[in-house]
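Each reported figure results from applying straightforward, stated rules to the coordinates on display, with no laboratory input. What you are looking at is a predicted structure, and each value in this text was computed from that prediction instead of being measured. Positions of Cβ are generated from backbone atoms using ideal geometry, with glycine treated the same way; all protein chains shown enter the neighbour counts.
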Amino acid sequence: MIKTEKVLHLKSSRGRKVRVVREHYLREHVPCHSSLCQAQCANEGKVLSGEVTHYVVPDAGVARDFMEILEFREIQGIVFTQTACQAVQHSRGRRQYNRLRSLLKDPRHDCILFANEFQEYSYCPREKGEPQDKWQTRCVYHAAVWYHDHLAGMKPVVMITEDQTAVAEYSSLNCGVYILSTQEYLQTFWPELQAAQELYCSIAQSLRERGSEGTEREYTEHLPAEVLEAGIKSGRYIQGTLNVNKHRAQHEAFVRFEGSSNKNSELNSDVLVCGGKNRNRAVHGDMVAVELLPKGEWRGRTTALTEGQGEEKGDETQSQPMFTGRVVGILQRNWRDYVVTFPPKEETQSQSRNSQRILATPWDQRIPKIRISTQQADKLQDHRVIVRLDSWDSTSLYPNGHSVRVLGRAGELETEVQTILIENSSPPPRGGGQRLELGVHIADVTHFVKEGSLTDLEARARATTYYLADRRYDMLPAVLSADLCSLLGGVDRYAVSVMWDLDAQTLAVNKVWYGRTLIRSSYQLYYELAQALLNGEEAEVPELAQLPPGERDAKLAQLTQALEILTHVARRLRGQRDRGGALELEGVEVRAQLDEDKNITALVPRQPLEVHETVAECMIYANHWVARKIQESFPQQALLRHHPPPRQEFFNQLQDSARARGFTIDTRSNKALADSLDRAVDPRDPLVNRLLRVMATMAMSNALYFSTGACPVDQYYHYGLALDRYTHFTSPIRRYADMIVHRLLTAAIAMEKGAGPAKVLASNKELEEVAQQINNKNRAAQHAQKAAQHAQKVSTELFQCLYFRDKDPETDERCVADAVIYTIRANGMLVFIPQYGLKGAVYLKNREGQVVSERQDGGCDWQTGSLQRYLDHISTTTAAGTSTFNLFQHITVRISVQPSRCHSNTLRLEVVSNRPHQAPETQAQPPQPQGARGRSQLVQEVVRQAEEASQQAEEKRCRAPKLSKEEREFRQSKSPNLYSLLEEVREMALLDLAACGGAGGGGDLGAAAQACATSA
Ligand SMILES: [Zn+2]
């Protein structure tokens, strides 16, 4: 072994040069990791295939700038040199470096690491005065030559570099190694890999543009990481996630500090960040460090409603001044893929003399415009494109990015649906002494998917099953999800089961049993059929169709009784949780009724069946008991899911609104909240309670996965479900977290039998990393809003816009509807339209300064006047008099579509009258139910009429004798269309609490049919 010195010239993030001398040891034998090796290298682990036409060695610059191209799985036989890897680490940071490392570990990518700098014969010391990049290229070249010689020339070796002089210089040496530029290489060896070439052009263009940029600073430099770290420790800076106000994206953002990371004890709310300069290049979702401004510069939240991008400076109304700060550094970028719209031609030319530089507008309003360098500006105008952010320098007003994939022309349905899905799911379940046994059986997915296998790695990367327009991306191969792991009727299937021995009277648990089982379902029920049986309706059970009438009736009675016991047990379990403080929350859910041509004929608020809730309750019970088991067995490394309590400040709106109606909402605990929501019922208007629940839902935070070792026990609590332990066990087919939990449970069972864990489990740290990764995947919008609401909201909005798009708001009766005011704002109010499950803003003041005024006949029009806002009402004053709009008042609004090119279309709501809407033939309101506590009762009230119309059709379909194969296997419910796919996306993203209403995905259903209760 030879010792030498290696000198590194590093640049600190402040631009200071640092010289580092390291001792460097050289060895004669460094493994080559090629299967063609004839020299007995100690090649452990991954080796390069011998089946490729050549090996390719990217130099440091290529590895640094074009990693995404090297990630194409088609490109095989890649030798990453140590030199190149270090260049990535030093110049691109930890994230990019980790990406390279996982690429090297991933068995599906044919690439290896060659430690060239430890190899005696390939290492070259840096020469005096030699620029770093030249030296790196030389190192890589020598490594390539060594590699070629080491394999005795059996395989052509190609080195790729962006350095044209190096191409010329080294090509002339004729050492058996081909030197090519990246573009030449792609054109020569991968001409059919069009996507790689396009990506190359896009990145190269972006790099050129960055090089030619001015040096004038637009923003303050970010502080270096070590300064930020020290500042956060000392309490000078606050760490948190940047959250941009969607309605005032350019002006207002908040930093939400994260639990224990806040050392500033006085800080008990978000920190406001005003304007672009203070935001200092942080993008929505980034983890940032902020410094508080002096108190004199603190400002309040804007409470006025903002319409479009209009400047309404004079009209701003602010709440109390709050903590206000500026971003001093970025701790972690959380950039994802964004959908942007390319501007029309006229705009591109005015933007820049160089027409290749485009400012594209992201669909997500919280994301700043992105500068993209492209040669396809003409071709792409008015198209929606997926882009990735590359950098945001202090000299640049906008971030730089490059395009990854074209989705299609804006406004076309397919493009729009894909846009929504990408923006919301990027990579998307037997009595004194009387006893009952209850069992939940879940497909034994991990029996088929071994840890670390290719299928496992792929599932882990996908994290969840997701959907794009008409396509469905399963987390697992179809042979598993549709067959082996689908608990079909009448066939043996492997399962993992939880069985409870319960006291039939008290439901006290006498015994719990966990284990692997072999099960055979007697019936494969779908929800509607199960509900029909429970309702005592006539329904045909396919499994019984062939039996003689007597036998059939007996079996049917037996089945119905089992369903009744199950329903009874679930109600009782639910009651137990309710007493513990479980929240019944409310989301605005609508269902679109489609005709044969998939046109939307009506929007109907959703009505969950009780059987949905029954199955959900059994799933919650199983998840809870599995969580208890794995946490007991692995106190430091079990994957659980918790739901932190909401922050008090988010309840302000709820409390203010409730007070206006004379109710007190107690938010001190989930129990107090649940109880006070139950009491807040206005017998004259059931909508009041429903709206208060909607507001409570909006105040909730996300449920998150965590590793038990990473979190103190008192934080394990699941607020919404009111359970001290919770995890995800019931959907291993569509969620990777459940697969981890299955493995933990299996290991716990093995340990109990004295076998000791067969395999070393993931450490707390590793598990926490996986938990974070899945959390990030699941989070459509970081912290801003619950993914659930967001996904639900956009899919709902799309259908609402499609519904109203072709209707003339002036003449079509369906565009006029009753609305309830639930929040008062400075220049208008937020209303809820029960008929369409729609929420939105109604402005009382327009840009001309006119206000809405009530006429004698109750109608409204615009007149010159003024506006006064109070806690529980808002009023306008004109020459004609004063009009008042109270909280929870019913008014009449007109709904029209306001088209938007870059973002989603939105609905515009205008006051028609400040009296309730008198629909032509629906004047007779049915009597209101008393003490309406259950959501089903409330929803039923609202949708009764719409439902009656759909019921017949529904029943008819229910009795349809034949279900398609796919319906039986995947859904067991009968509406496979675009809308139902969107619905599933929404459901997947749902909070655990809301999941009570929709245990409707594939995996759960297989299991769902298996939640059974029989008397013993
Ligand atoms: Zn070798």
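The Rg/Rh ratio of the stretch 855-913, with Rg taken over Cα atoms and Rh as the Kirkwood radius over Cα pairs, comes to 1.06. The calculated FRET efficiency for residue 812 paired with residue 856, based on their beta-carbon distance and R0 = 41 Å, is about 0.95. Computed as a quarter of the hull surface, the mean projected area of the alpha carbon convex hull for the stretch 624-781 stands at 10.9 nm².
Quote to one decimal, in nm, the extra length available between residue 127 and residue 172 on full extension: 0.36 nm per residue of separation minus the C-alpha distance between them.
Difference between extended and current length: 14.1 nm.
Quick note on the stretch 363-424: its Rg to Rh ratio, both from C-alpha atoms and Rh being the Kirkwood radius, is 0.98. Backbone amide hydrogens, once placed in the peptide plane, bring residue 719 within less than 5 Å of 643, excluding anything fewer than 5 places away on its chain. The stretch 809-853 gives an Rg/Rh value of 1.02, both radii derived from C-alpha positions and Rh following Kirkwood.
Taking only the Cα atoms of the stretch 43-178, the radius of gyration and Dmax are 14.0, 42 Å. Residues whose amide H comes within less than 5 Å of that of residue 823, counting only those at least five positions distant or on another chain, are 830 (H built at 1.01 Å from N in the peptide plane). Computed over the stretch 79-132, the quotient of the alpha carbon radius of gyration and 2.2 N^0.38 Å is 1.29. Restricting the trypsin sites (Lys or Arg not before Pro) of the stretch 818-848 to loop positions (DSSP other than H, G, I, E, B) with no more than 13 neighbouring Cβ atoms within 10 Å leaves 847. Once you order the gyration tensor axes a ≥ b ≥ c over the Cα atoms, which shape class does the stretch 141-195 get: rounded for a/c under 1.5, otherwise prolate or oblate by comparing a/b with b/c? The shape class here is oblate. Taking label points 7 Å from Cα along the Cα-to-Cβ direction, residue 135 and residue 189 give a separation of 2.8 nm. If I take all pairs of Cα atoms in the stretch 821-927, what percentage of them are more than 15 Å from each other? Result: 65 percent of Cα pairs exceed 15 Å. Applying a DSSP loop filter and a limit of 14 other Cβ atoms within 10 Å to the trypsin sites (Lys or Arg not before Pro) in the stretch 89-168 leaves 108, 128. Of the trypsin sites (Lys or Arg not before Pro) found in the stretch 353-422, the ones in coil according to DSSP and having at most 11 other Cβ atoms within 10 Å of their Cβ are 353. Between residue 724 and residue 668, the C-beta separation translates, for a Förster distance of 22 Å, into a calculated FRET efficiency of about 0.75.
The distance between label points at residue 866 and residue 23 comes to 8.2 nm (points 7 Å beyond Cα on the Cα→Cβ vector).
Counting every alpha-carbon pair across the stretch 119-245, the share separated by more than 27 Å comes to 49%. Given in Å, the Rg to one decimal and the Dmax to the nearest whole number for the Cα atoms of the stretch 603-675 are 18.0, 50. Here the scattering of the stretch 177-252 is modelled by Debye summation over its C-alpha atoms, one equal scatterer each and no solvent; at q = 0.26 Å⁻¹ the log10 of I(q)/I(0) is -1.14.
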